[in-house]
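Contents: one structure, followed by commentary.
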Amino acid sequence: MTNHKVAIITGGSSGIGKATAVALAKEGVRVVIAARRAKESEETLQLVKQAGSDGIFVKTDVANENDVKLLVEKTVKTYGRLDYAFNNAGMVEDSTSFVDQTSNVYDNIMNINVKGVWLSMKYEIPQMLKNGGGAIVNNSSGLGVIGMPQIPVYTASKHAVLGLTKSAALEYAKSGIRINAVAPGAIETEMFEKLVEGKKQLRETFNSMHPIGRVGKSEEIANAVVWLLSDKASFVTGHTLLVDGGLVSR
């Protein structure tokens, strides 16, 4: 990676997106932070600059096609190119009985987790083709390859991300664009901390679910993303990289 490369990171305001922005910045990549929350995104941007690179924040709702279109246009207008993308924006589902979940929750999760990834690639890929190639990583989940009761919509959405990833990877394999996915286990993020706050038993349950004995760190996912985007993964496409502490191997 060189300082001439440019990456878009959706959901870059916190957690895995934030960690990946910093990791890419340390590799000299210029980073475009796409997220809905301005304050948190600006904080990520400062970390990018402290890491020795440059970046911008573009307020983006990935479920809104015009927002995504403008995101890519702003990236190219600012830096003249797009080389990498980490389509990371997503939302979780509160644990709910299958039959008690609402259509509104279903629509929100699918719009962000699936439509958001589809729209992102829809506008990222044409720009990468103009550069002669690029690399994309989509954020799925360990639950993209296994099922789990009481969060069926989230689970379905993460399965769908893998379907999009594989289909796009096959279509553009000969065009110089590699498209892969990461599938994290439970990760220590702000979202995770809110979920387990004051619930010692729940935290211990999450730790014990992972054979490695703990949940993961955002930086551990970021390292995997950076590798998949880099030329070190030049023969890898259509792949789902489990970074889950052994969760899916149980």
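The values are calculated or read from the model by the stated rules, or taken from the named source; none is laboratory data. This structure is a prediction, so every number in the text was calculated from the model and none was measured. Please note: Cβ atoms are built from the backbone with ideal geometry, for glycine as well, and neighbour counts cover all protein chains shown.
When the test is whether a residue is surrounded by 18 or more Cβ atoms within 10 Å (Cβ to Cβ), out of contact with any Phe, Trp or Tyr (no Cβ under 7 Å at 6 or more places or on another chain), more than 12 Å from Ile8 (Cβ to Cβ) and not small (Gly, Ala, Ser), Val161 passes it. Looking only at residues of the range 104-122 that are over 16 Å from the mean Cα position of the chain (by Cα) and surrounded by 15 or more Cβ atoms within 10 Å (Cβ to Cβ), we find that the one that is farthest from Ser140 (Cα to Cα) is Val105. Residues of the range 238-247 that are buried (at least 17 other Cβ atoms within 10 Å of the Cβ) and over 16 Å from the mean Cα position of the chain (by Cα): Gly245, Leu247.
Taking strands (runs of 3 or more DSSP E) as the structural unit, those lying wholly within the range 1-59 and holding at least 3 residues that are touching a Ser or Thr at 6+ places or on another chain (Cβ under 7 Å), closer than 24 Å to Ser140 by Cβ and at pLDDT 95 or above correspond to 6-10, 30-35.
Checked against (1) free of Cβ contacts under 8 Å to residues at least 24 places away in the same chain; (2) in contact with a strand residue (DSSP E or B) (Cβ under 9 Å, 6 or more places away or on another chain), Gly185 meets all criteria but (1). Kindly evaluate Ala51 against the criterion of being crowded, with 24+ Cβ neighbours inside 10 Å, aliphatic (A, V, I, L, M) and more than 20 Å from Leu228 (Cα to Cα). Answer is no for this residue. The single residue among Ser53, Ser41 that is among the hydroxyl-bearing types (Ser, Thr, Tyr) and out of contact with any helix residue (DSSP H, G or I) (no Cβ under 8 Å at 6 or more places or on another chain) turns out to be Ser41. If you go through the range 193-225 and keep only what is surrounded by 11 or more Cβ atoms within 10 Å (Cβ to Cβ), modelled with pLDDT under 95 and over 24 Å from Lys18 (Cα atoms), you end up with Lys199, Leu202, Glu204, Thr205, Met209. When every residue of the range 74-92 is checked against the conditions, at least one turns out to be among the hydrophobic types (A, V, I, L, M, F, W, C), modelled with pLDDT of 95 or more, under 15 Å from Ala160 (Cα atoms) and touching a Ser or Thr at 6+ places or on another chain (Cβ under 7 Å). Evaluation of Asp231 against the conditions (1) surrounded by fewer than 16 Cβ atoms within 10 Å (Cβ to Cβ); (2) under 20 Å from the mean Cα position of the chain (by Cα); (3) within 20 Å of Val92 (Cα to Cα); (4) not β-branched (Val, Ile, Thr) shows that the sole unmet condition is (3).
Taking the numbered list (1) modelled with pLDDT of 95 or more; (2) out of contact with any helix residue (DSSP H, G or I) (no Cβ under 8 Å at 6 or more places or on another chain); (3) in a loop (DSSP other than H, G, I, E, B); (4) not aliphatic (A, V, I, L, M) in turn, Ser167 passes all entries but (3).
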